[in-house]
Each structure stands twice: as structure tokens, then as C-alpha cells.
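Reading through the C-alpha cells given below for one structure.
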Amino acid sequence: MTISIKSLTLSSPANIPAQEKLRLGNSLASSPGNTGSSAAETVSISNSARALYSLGHAGEQPASASDNQAKAAYAKGQRDIYDFGLLIGEGNYSKQDLLPKTDNPDRLALGQQSLDYAIGLSRQPPKHGPNPFEGMARNSLSAVVYDDSGDYTEAERYAAYGELQRQDETYFSSLYAKITNGGDNRQIFKGILDYFDDLPVVEKSAYPDGFRDSIGGLYQEQIEQWGPLALIRQSVEPYFEKRLDSADKTGQSVENTLQAVLEKVIALSSAK
């Protein structure tokens, strides 16, 4: 069986020229099951981003959007991120125009940190500065990225997208590392289903029709062959405990990572 997720890349920033890419694939988690590290190790969200979050701006996306509305919101969000990356890469902008129009010091700090992060990635070679959104919950990041209310600057949405991609890359890299050659890959299919089920409606709209049913069918085949998987829900939040550098995955998009997971697990799940 072949399952393609190519339709995910509606306007993916993965297609931005090298100098404007979000190169976020350097950190991989060793295992999704290890979540015992301290809060100081797992949460490094900046004070300014934390303040924005506490004000309630980074809430959940509405679940009532129609499929067409969700698809449009996803496409616009991806396009906005892409266009901002091009703008920063070309250098034809005024920094003052890209900062929040406010006297609030926390908002100004978040806007400046986000802009510094984006400008750093546009350098040659890229400068990997701190991302003020690091450690924020994934679906709150998504709410920032796909928000079109004007509450967030383009730089803040860009930085939030960078952290969202980093978290997804970490999650799917950890799944990829756990694929077995013996055919028992129940945990992998379950991990993909858990990830998909937790996505906001805007991001779910980017997947092909029937995607969940296809993965669910493969997972059911695994259960019939190997028995039920222990009912331990795997978290889809990022894993920060142990980061391994992997140069060959630098700049790899989340869509490509998930596609690689699917291709490998489907091939090896039928191994005898």
C-alpha cells in the first residue's frame, strides 16, 4: 500500500531558497517514552512569549470552520510564512515596520526577538539564534501561525512556525528511529494516529481525504497480527530530554519526514 502526503505542501516554506529556509532539523529526540526531565530542561519559552500566552492571545483555533475555510486558512498561513521568508531573505524591509505597534514592553520584546530570529536564519551562513516561542504548546503555536486577526506580527508567526516545525521534526524523527525490521510496528501507526487526532482543524485540512482511515486500517492490521497495543497514549508534545545532531536531516521538511516514516514502516511491517 502506498500512502502519499504530497498534498500537504500547498505552499510549503520548505521550497524557500536555501538562504531563507527554516533549518530546524538539527535536534532529534532519542525516545518518545522518556518524559522525566525537569521543567527547566523542557520549557524555555521566553518571558515575552509567556506574557503573550498568559494574555490569552494564543488560544485554540475554532473547531467549527468548514473544510473549505480550514483549507483556505492553511493555504494563507503557509503563503504568509513563505512570503515573509522571501522578504527577509531579500533584505528589502524596514525593521521598524515589522515590529508590533504598541508601547507594551513584553510585546515589543517578543516582536524584536522574533524578528532577530528570522533575520538570523537569512544570513549566510545562517545564524541560529534563540526562538522566543521555544517550548510553547504545539497547538498554541499553530494558533499563532494561522491567525489572520493581526494580533501577531509576521515575524512572530514566522518564529512560531519555526518552533512548530522543530517540534514535529523531533516527534517524527523519534518515530522513525523506532521502526522495527521484524514487522511489529503498532507503536508507529498509533503514534501517527495520535499526532493526526491532536492536530487543529486547520492543519488537518491539509491532509488528503481518507488519510486517517488509511493509517487506521494499517494499524488495525498490525493489531490483528501482533495483538492489541498497551493503552498508553503517546504525547505529541516535543521531547527535549536528549538531542542528537543529525547533519543529513538539516532542513528536511516535516512532510518529508512523515513520508519517510510511512514508507519505511509500511515496507517493514510486511517483513517475515
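Nothing in this text is a laboratory measurement; each read-out follows from the coordinates by a stated rule. Computed from a predicted model, the values in this text were never measured in an experiment. Cβ: placed from backbone, ideal geometry, glycine included. Neighbour counts: every protein chain shown.
Based only on other Cβ atoms within 10 Å, what is the fewest-to-most ordering of Thr180, Thr153, Thr102? Walk me through the numbers before you get to the answer.
On the way: Thr180 14, Thr153 21, Thr102 10.
Arranged by neighbour count, lowest to highest, Thr180, Thr153, Thr102 become Thr102, Thr180, Thr153.
Using the 10 angstrom Cβ neighbour count as an exposure proxy, how do Tyr171, Tyr195 rank, fewest first? Let's see the in-between values first.
Details: Tyr171 28, Tyr195 18.
The order, fewest Cβ neighbours first, is Tyr195, Tyr171.
Could you list Phe196, Phe84 in order of exposure, starting from the residue whose Cβ has the fewest other Cβ atoms within 10 Å?
Numbers: Phe196 17, Phe84 22.
Lowest count first: Phe196, Phe84.
Using a cut-off of 9 Å between beta-carbons, work out the net charge of the residues near Ala70 (Lys and Arg +1, Asp and Glu -1, Ala70 not included).
On the way: positive: Lys71, Lys204; negative: Asp67, Glu203.
Its environment carries a net charge of 0.
Count charges around Ile179 for me, please; just the other residues with Cβ under 12 Å from its Cβ, Lys/Arg as +1, Asp/Glu as -1.
+1
How large is Rg over Rh for segment 97-214, taking Rg from the Cα atoms and Rh as the Kirkwood inverse mean of 1/r across Cα pairs? Display every interim value, and only then the final one.
Details: Rg = 17.5 Å, Rh = 16.3 Å.
Taking Rg over the Kirkwood Rh, I get 1.07.
Please compute the length gained on full extension between Ala72 and Asp198, using 0.36 nm multiplied by the number of residues separating them and subtracting their Cα-Cα distance. Don't skip to the answer; put the middle values down first.
Numbers: separation 126, 0.36 × 126 = 45.36 nm, distance 1.99 nm.
Contour length minus the Cα-Cα distance gives 43.4 nm.
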